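Scroll down for the structure; my scribbles are underneath it.
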Amino acid sequence: MLTLYGTCAVVVSLAVVAIAVAAIRTMSHVNKALDQVSKLTGEIQVWVGQIDTLTREARETVYSVRDVIAPIRRVVDRFEALGERTAGFSAAVLDEVEAPIRTAVAVIRGVRSMTAHFKERLSHRFTQGRAATNGGSEDE
């Protein structure tokens, strides 16, 4: 029986040693994992700092753009009003000038037409008058 107790003691001792070795290996792996998590946490803190800086810069940019948008809108509104006034002024000028110019163009066309007609009549009269004079009255 003593050998049974001795064997059991040896088996239990080996089991305890195996459990201790497994626990030490597990603790080693856990330490490595904790080191990696610690490194990752440090990197995440750096990233969070960069994201915070980026967010701050984006907010500053948005505030700057908001400050610039109001004057740009005022300028656009002024150009719009100026464009409307210019279009109205142009329409008024065209309304006032168009009719007299059309009348002047019509008068000029009429004068050209009449001049061409008189010129044709005069040149026709002179060519017919010479032919009649050269025909028969000089011989007699």
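Summary table
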read-out	value
Pair list, Cβ < 8 Å and 6+ apart or interchain, from segment 23-37 residues that are touching a residue at least 40 places away in the same chain (Cβ under 8 Å) and aliphatic (A, V, I, L, M) to residues that are outside any helix (DSSP H, G or I) and surrounded by 10 or more Cβ atoms within 10 Å (Cβ to Cβ)	none
Breaking point among (1) among the aliphatic types (A, V, I, L, M); (2) surrounded by 10 or more Cβ atoms within 10 Å (Cβ to Cβ); (3) at pLDDT below 90, for Ala70	(2)
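The values are calculated or read from the model by the stated rules, or taken from the named source; none is laboratory data. Every value quoted in this text rests on a predicted model; they were computed, and no experiment measured them. We place every Cβ from the backbone using ideal geometry, glycine too, and count neighbours over all the protein chains shown.
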